[in-house]
Every structure is written in C-alpha cells, then in structure tokens.
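Reading through the structure tokens given below for one structure.
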Amino acid sequence: MATQQRSRIAILAGAKKVIAEVGAYESNMLDIAARAQVSRATVYNHFADKEEMIATLLESEVVRLIDLGKAAATPQAALFAISRAISTDEALAKMVVTDSADVLKFVTVGDHPLWKVIGAGITEIFGARNGSLVLRWFLGQVASPLTESESRSQAEQLSKALV
C-alpha cells in the first residue's frame, strides 16, 4: 500500500478515535494528526478542512458497513454484523450525545449523494423490496443501540420477514 494511502487511512482512524472521545464538533486537526501519528501538514495535504475529513470518514464508514453486509454468508448474518457495527461504534455513540443535530441530519434520508451509495448497498445485500425496512431498522440503532442478544434476535426475526 502506498505511503499516501497509509497516511489517509491513519488520519481517518485517528479522526474516529478523537471523535469517540470528544465528538466531531470538539475535535480538531491537531489532535487528529497526533492520533494518526502524522504531522498536521500531512492532514491538510489530504483534506482541505475538518468538514471534508469528516465527510470522507462518514463515506468510508458507510462503505465499511456495506462491505460487512456483502461479506456475510446470509441475510441474517449481514443484518447481525451491520447491527453490531452500528450499535458498538464509539464515535457514533459520542456524536449522538455531543453532535445530535449533525446526527439527525445524517439519519434523515435525503438527496445527499451518500444516500445513493447506502441505498445501492442495502439493495444489493437485501433486495430492492426490503431496502427501506432494513435501512430504517439500522437507522433506529443509531440513537438506540442494541445489545448483542437484541441484534441477534432482531436480525433473525427480520431475516424471516424478508423472505
């Protein structure tokens, strides 16, 4: 993997760690650079500002969740894997508390290009007929995370309903 790509991945991982600690609003590029173990200049070589970096982080997280679902052997396993990833995400949990207005904007389905990515991924994994139901189930977990047993039970019930 090229040095540029490794730096970008490290920066996004550092941003996620900082956001898990203080939220997106209170995060800053200096702390993110320190967590990523890169210079602040390196961060700015990759991202014009914090807003661009957070948008890129959000997109990479959406792709990661879709990839989790695609890698699962069954729809039930995909539901469970994505549910656990959402419900245990410390950065997302912190943002629900500290950046609730931003989270609310994100969980409101709209015309942002990222929603097309989400919709296409959900459709590919669960089918067009089931996409809306599955998406709304996942979005509900942002503000109300599930326990592992709840994720397992609900994934089983929902997968039966998707047939």
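Counting alpha carbon pairs within less than 8 Å and at least 6 residues apart, what relative contact order, in whole percent, applies to the chain?
Numbers: 153 pairs, mean separation 40.1, N = 163.
It rounds to 25 percent for the chain.
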R0 = 25 Å: FRET efficiency of S144 with N45, Cβ-based, nearest 0.05?
0.05
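May I ask for the Rg/Rh ratio of the chain, computed from Cα atoms with Rh as the Kirkwood radius, given to two decimals?
Working: Rg = 16.6 Å, Rh = 16.6 Å.
Dividing the radius of gyration by the Kirkwood radius yields 1.00.
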Place a +1 charge on the Cβ of each Lys and Arg in the chain and a -1 charge on the Cβ of each Asp and Glu, then give the dipole magnitude about the Cα centre in debye, rounded to the nearest 20.
380 debye
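Which order do the peptides 74-86, 133-145 take when ranked by the mean count of other beta-carbon atoms within 10 Å per residue, highest first?
Numbers: 74-86: 20.2, 133-145: 16.3.
Most protected by this proxy first, the peptides run 74-86, 133-145.
Go ahead and estimate [θ] at 222 nm for the chain from helices alone: -39,500 (n - 2.57) per DSSP H run with n ≥ 4, summed, over the residue count, rounded to 500.
On the way: 10 runs with 128 residues, N = 163.
Taking each H run of at least 4 residues, the total per residue is -25000 deg cm²/dmol.
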Toward the positive end of the charge dipole of the chain, about the Cα centre and with charges on Cβ (Lys, Arg +1; Asp, Glu -1), which of A55, S83, A73 goes farthest?
A73
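Full extension from W115 to E90: what is 0.36 nm times the residue separation minus their Cα-Cα distance, to one decimal in nm? List each step's numbers first, then the result.
Values: separation 25, 0.36 × 25 = 9.00 nm, distance 2.22 nm.
Length gained, W115 through E90: 6.8 nm.
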Taking a label point 7 Å from the Cα of Q37 along the Cα→Cβ vector, which residues of the range 8-23 have an amide N closer than 17 Å to it?
8-18
Taking Cα atoms, the helix 3-22 axis meets the longest principal axis of the chain at an angle in degrees (rounded to 10) of 80 degrees
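Read the figures in this text as sums done on the coordinates, not as results from a lab. Quick caveat: nothing in here was measured; it's all calculated off a predicted structure. Because the Cβ atoms are built from the backbone with ideal geometry, glycine has one as well, and the counts that use them run over all protein chains shown.
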